[in-house]
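Below is one structure; the comments refer to it alone.
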2 protein chains.
Amino acid sequence: MKPILPTIESPADLRKLATADLEHLAGEIRERIIEVVGRNGGHLASNLGIVELTMALHTVFDFRHDRLLWDVGHQAYVHKILTGRNARFDTLRKPGGISGFPNVDESEYDLFNVGHAGTAIATATGLARGASLRKEDRGVVAIVGDASIFNGVAFEGLNQAGTLRRQLLVVLNDNSMGIAPTQGGMAESLAKFRISSTYEETKRRVKKYLPQVPLVGKAAFDALDQLKERLKASVSPHQIFEQLGFLYVGPMDGHDVAHLIELITALKDVNHPVLLHVHTEKGRGADWATADPETFHSPKPFKVEGRRVEIQCGGRSWTAAFADALIGCAKEDDRVCALTAAMPDGTGLNKFRKAFPDRYLDAGIAESATVDIAAGLCKAGMRPVVAIYSTFLQRAFDQVFQEVVLQGLPVIFCMDRAGLVGGDGAVHHGFLDIAYLRSLPNMVLMAPGDAEELRSALDLAVSLKVPSAIRYPRDTVPDPLFDNGGPPRFVLGRSIVLRNGGDATILAYGSMCRNALDAAALLATQGVESRVVNARFAKPIDQEMIRAAFSPVAGESSMAASSAMTVQADRDGEIDRGCVHPIITVEEHSTAGGFGSAVLETAHQLGMSTGSLRILGMPADRFIAHGSRAGQLAECGLDAAGIAAVVLDSLRRADPVTVERQTANADALACARRP
Amino acid sequence: MKPILPTIESPADLRKLATADLEHLAGEIRERIIEVVGRNGGHLASNLGIVELTMALHTVFDFRHDRLLWDVGHQAYVHKILTGRNARFDTLRKPGGISGFPNVDESEYDLFNVGHAGTAIATATGLARGASLRKEDRGVVAIVGDASIFNGVAFEGLNQAGTLRRQLLVVLNDNSMGIAPTQGGMAESLAKFRISSTYEETKRRVKKYLPQVPLVGKAAFDALDQLKERLKASVSPHQIFEQLGFLYVGPMDGHDVAHLIELITALKDVNHPVLLHVHTEKGRGADWATADPETFHSPKPFKVEGRRVEIQCGGRSWTAAFADALIGCAKEDDRVCALTAAMPDGTGLNKFRKAFPDRYLDAGIAESATVDIAAGLCKAGMRPVVAIYSTFLQRAFDQVFQEVVLQGLPVIFCMDRAGLVGGDGAVHHGFLDIAYLRSLPNMVLMAPGDAEELRSALDLAVSLKVPSAIRYPRDTVPDPLFDNGGPPRFVLGRSIVLRNGGDATILAYGSMCRNALDAAALLATQGVESRVVNARFAKPIDQEMIRAAFSPVAGESSMAASSAMTVQADRDGEIDRGCVHPIITVEEHSTAGGFGSAVLETAHQLGMSTGSLRILGMPADRFIAHGSRAGQLAECGLDAAGIAAVVLDSLRRADPVTVERQTANADALACARRP
């Protein structure tokens, strides 16, 4: 049979195909996805599961006019392939290529750039209300997974959507898993229901009654209402959705494309919120993926040889280092427990769960509740560690404020994916955490420079009486920063000098320590000797580090300095000496409000001259697109070459003569102030 | 009858009272609350409604050992009166007095300082899990209102709580209102249920079967299960709670104290999560409050004379000014619509709703979904204005990031209560919004200095193609900043000079403009002339304002300055002139990451010398307690006297001779740079 996929240039082409062709096309799409994800890495199992459902929706609706919203968005590959992006699909997640998430810049069919879960129903409610207010007749559809739909924001969205007096179709794509098996009381109900119900039976009933359903308006609504009543006997999750104001239809077989088209056609113009419950299989079409959908949720590149699948191995990840560090802490302190919001694999807690099943909790895609539960655990005398991606902790900002910081509870946040995340791109970068956590009174912010430091940071966190957050990136751990005996232990608010040198000072935060050391090595080959400091803390920031790096503002005129501080006045003509010893801060975070800002603010408060400071980080006024992490670091100037270039540029701008004198001064200062 | 309330020193005293005494005590408590709230202002109607329920819980449990969590917390007055705080209750909301919310520093009976809704169930789940892990036998109770319980975080909490295999009692305090009538599909279901069900009937059934229920362990569980089955006929909201894994009991009359004690005693030791649905009347005991519970939710001080109640009037509030400004905008632009998360009164949208009912939405206590709905509306071509308290926008931080900023949608956030809030205290201050919004690419942040400026800021926001946020405090509007013809219109990123003077520069943000002008007037009486600038924008910040205020760093050595910038080198001995012209930023926000930080960062980027800058704002490392707003402003040094004192201190530190020369320089600079 001649391949059909190359002939699909837009969803309109789907409408020309017979059922057998559609079924064949589904197979081709699955092959295409396995091929590209095998090469590029990406989200696999969820996309294999949603092929027929996506085809059916695009067959029935015209989403150039109607509105389609993807919740989370990592399951939109089929949608991309069907909406004119198949030819470029092999660039998935590559620099300049197709994004792994819906992206408004790629296609008129993508409405929102998303990557965080649970928001589509509320957004769809807004789109629906907006279309009504603008007097535009647009169908609105939201596709939501069974883990996402029990997220708090999704529930709030359903609660609002249920009050609509117009069309809105929410499709519940139920594969009994989020990224990990779905958690919570509601998921347990759904699981019981899955076991007890036979949706084959439902399907037969629908087939029987569907011809009686007219296709538009009030009549369709009434008929559907009757249909629903007839289906009720075999249905259980209808209750909650009906209480929220929805018509509930389902569950349906999500892999019977002809039947899905028939059903969605019947539902298309119902002037009432409808919840269509579709049962799909995660990893469908690849038995190795259906057998282990968690591993194949978002694998690195892999090779399929017959029944053997080999996933590319990287080096040891920060995630793995965290898992080991946490298990080590938990062995020494039985108060240590760990929480994840549906990411046991991504955060490394899978390993912790095996070691300490009682002290582990997966609260589902519910970051806000997870932080509150942690606060409760902490109040009860435990030392909870919330393992979470930096970008997802944004979902719990207010809980961090109210339940943790306002109470002064020593909850520990371990923020994975803090910084540039590579292929997942703008929706997942962790570039805001320092900014939004730093303004919270008494919060401790730290970042380890290598795997051993991560353990030491965690040990300190467990010993603290205040909340703390530790950040580390999506990467392999770097070579150790310390040659012998590992790092000195973490002491609150104290930095560590990694390398000495008199020409410039690099203050590095967390993952940037290794890059800063590499930059210093590069610079040394050009005769420039840099001092590299591992700041360890963004809050409280090491004031001695600041005093050693910066020079005081000349004279007694520094009004920012506290009156208690002795400003070292120097009136013999060297007043601006601070300005020619370059100081560079380096961080994987926005330059607005991050570590560099903390250094600037502290230096200013201490009455130091900050003219020679340059702040390196992620740009403050644009988003970094998907690509390789190395490429993204280079784009931000955060690789060794980029850091070295800034040091050289700073030195070039300075007066060479002054530089020599400066260098001597800086060293003298450093020697005088740090034992 | 002799008053009983003075004899209640702790909850143990309740257990000695006969039913008639308890009923009499309830009346005394209501009188006490009306008396104190009438004098001090505070939350009235909800506390009048919860008297018997609170008494019953404290009678049955011992919350020195067991755990009691209040959701939102504004309904904890009765709890405070019963737990040893009646004598001091007349200091409610006063400086150094009893807080209007649970407060751990006040009493061992208060476990969490709260004020934001929806979190208690998740926190209680953590407390319950923690007690189990610590092998402590503690009862855990959470009290949640019918508006809060349908908040997303509450739902996430229920979903987790339902998986507990131990005791947890969630009391649903259902008065059919949050602060405003409860919104959403679920609320509509509950309303239908209220109309159809007769809880008197339920009560009779419970009375009949209750004696059969043993009081502890597995037997209690089983008996309760049977009881539940018997009650089911008259019950409807049980479905959702049962699907979440709870046993549902109710609805019960929340004003029959003897019956409540009986029932809670039966439920106390059930080893399973139980939801007890209690029906109470908001404002109970004061017919003027039951008739208008929204007005008497949180009134200012009032006087009751017979059936006439007179609430103290203040001047025109920022909230009222916003309402009028928004209505004005909406009249001119039919894309303008407005959203609130359950605060139509507090945000002023009540008035908007009357003018434009179709373009108004109350999404319930669901800040996250509200922002997503706004994003959908915006995508559909509307110009949504989210009217929200600064502190509650924290609940939607991730939605602001993902659904709004990442898409570049021109949603407008109007943040009321930005700054110090007076009597509500630490849980409600809006002191973080600049910090967490400033790092979001392309976000516009502005603050008007008077009522007319608020309209102008809103006009600009509606015209923008990017998201924006406008902040204003909980206060009356100040005297107009401009004498004739009102303020010049808002131009993106442009400040306005309010007063000229050569001795110091005050850069004021929003509400602080009036205080800065008053400070300048004070200073003028002492011969010090200050320039006062209304910054208007925290982002993008006015670079011309920065250039006019600060002096460049001496020489070419400023490596922070962009190479394109012309650094005005001055080599004739006046290199530190920038350091003796004091520059003071003033804002109602944390000094970490706020407007002052933005000024510092921008000055640094522009290569300016920042040694003479002082940043005034709310302290970065502690919380400001409840009290009067005026007192809080003074405590932070943000009143006119405080600002003037800092200017004088800065001048005193500077060399007087240099100051004179400086003043001339600064004026010359200002003249040269601003037409």
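The values are calculated or read from the model by the stated rules, or taken from the named source; none is laboratory data. Here the structure is a predicted model, which means the values were calculated and not measured. FYI the Cβ positions are ideal-geometry reconstructions off the backbone, even for glycines, and counts take in every protein chain you see. Please note that ligands, DNA and RNA were not included when accessible areas were found on the heavy atoms of the full protein model with its side chains. Shrake-Rupley method; radii C 1.70, N 1.55, O 1.52, S 1.80 Å.
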Check on residue A:461, under 19 Å from the mean Cα position of the chain (by Cα), touching a residue at least 40 places away in the same chain (Cβ under 8 Å) and open to solvent by less than 10 Å² (accessible area, probe 1.4 Å): no
Margin query: Please determine whether any residue of the range A:322-338 is open to solvent by 10 Å² or more (accessible area, probe 1.4 Å), under 16 Å from the mean Cα position of the chain (by Cα), at negative phi and touching a residue at least 60 places away in the same chain (Cβ under 8 Å).
Written below: no
Exercise. Within the range B:263-286, is there a residue that is over 32 Å from the mean Cα position of the chain (by Cα), open to solvent by 20 Å² or more (accessible area, probe 1.4 Å), at pLDDT below 95 and closer than 19 Å to residue B:157 by Cα?
Worked result: yes
Restricted to the range B:8-37 and to residues being under 30 Å from the mean Cα position of the chain (by Cα) and of a type outside the set (A, V, I, L, M, F, W, C), the residue farthest from residue B:48 (Cα to Cα) is B:35
**Asked** Hey, does the range A:612-624 have a residue that's at the interface with chain B (Cβ under 9 Å from one of its Cβ atoms) and either open to solvent by less than 10 Å² (accessible area, probe 1.4 Å) or at pLDDT below 90 (or both)?
**Response** yes
Picking from B:634, B:603, B:630, the residue that is more than 11 Å from every other protein chain (Cβ to nearest Cβ) and farther than 18 Å from residue B:430 by Cβ would be B:634
In the range A:115-142, anything open to solvent by 10 Å² or more (accessible area, probe 1.4 Å) and facing chain B (nearest Cβ under 7 Å) is listed as A:129, A:133, A:134
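Results for (1) farther than 21 Å from residue B:400 by Cα; (2) touching a Ser or Thr at 6+ places or on another chain (Cβ under 9 Å); (3) open to solvent by 20 Å² or more (accessible area, probe 1.4 Å); (4) modelled with pLDDT under 95, shown as yes or no for each residue.
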{"position": "A:351", "(1), (2), (3), (4)": "yes, no, yes, no"}
{"position": "A:355", "(1), (2), (3), (4)": "yes, no, yes, no"}
{"position": "A:369", "(1), (2), (3), (4)": "no, yes, no, no"}
{"position": "A:393", "(1), (2), (3), (4)": "no, no, no, no"}
{"position": "A:405", "(1), (2), (3), (4)": "yes, no, no, no"}
{"position": "A:412", "(1), (2), (3), (4)": "yes, yes, no, no"}
{"position": "A:415", "(1), (2), (3), (4)": "no, yes, no, no"}
